[in-house]
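First the structure, in the form of structure tokens, and then the observations on it.
The values are calculated or read from the model by the stated rules, or taken from the named source; none is laboratory data. Only a predicted model underlies this, so the values are computations on that prediction, with no experimental measurement involved. Counting neighbours? That spans all protein chains shown, and the Cβs are built from the backbone with ideal geometry, glycine included.
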């Protein structure tokens, strides 16, 4: 039972870190505006501004740590169970980040999708 709880915790943390990294990248892109491909110089300048962001370092660290935690979780869990859990939690976290921090719209389709994800996770372990 303890191994199962540790595996779940590692999967949830991995999904959270990966979702956080995606959120940070999206936030920085939003802050800089649309990417201009009109010349190499404008593209390079944009990417340099993107990379210079101090908060991006936390996103990179989270992005690097997430797969390591996932691999540790697989040590105690079947792939056919662990991977759907990872994807499900990742989708849930991305949805919450988008709605609560990026002011994205809550739609009926998103609510239905969340319910289906929770139901699929429930039936996966039933």
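Miscellaneous remarks
- Counted residues, the range 100-110 - those being surrounded by fewer than 14 Cβ atoms within 10 Å (Cβ to Cβ), part of a helix (DSSP H, G or I) and without any contact (Cβ under 8 Å) to a residue 24 or more places away in the chain: 3
- Meets criteria (surrounded by fewer than 13 Cβ atoms within 10 Å (Cβ to Cβ), closer than 24 Å to residue 27 by Cα and either under 13 Å from the mean Cα position of the chain (by Cα) or without any contact (Cβ under 8 Å) to a residue 40 or more places away in the chain (or both)) for residue 80: no
- Residue 44 being surrounded by 13 or more Cβ atoms within 10 Å (Cβ to Cβ) and farther than 22 Å from residue 2 by Cα: no
- Which listed residue, of 98, 82, is modelled with pLDDT of 90 or more and under 28 Å from residue 10 (Cβ atoms): 98
- Positions within the range 1-56 being under 27 Å from residue 92 (Cβ atoms), modelled with pLDDT of 85 or more and part of a loop (DSSP other than H, G, I, E, B), in sequence order: 53
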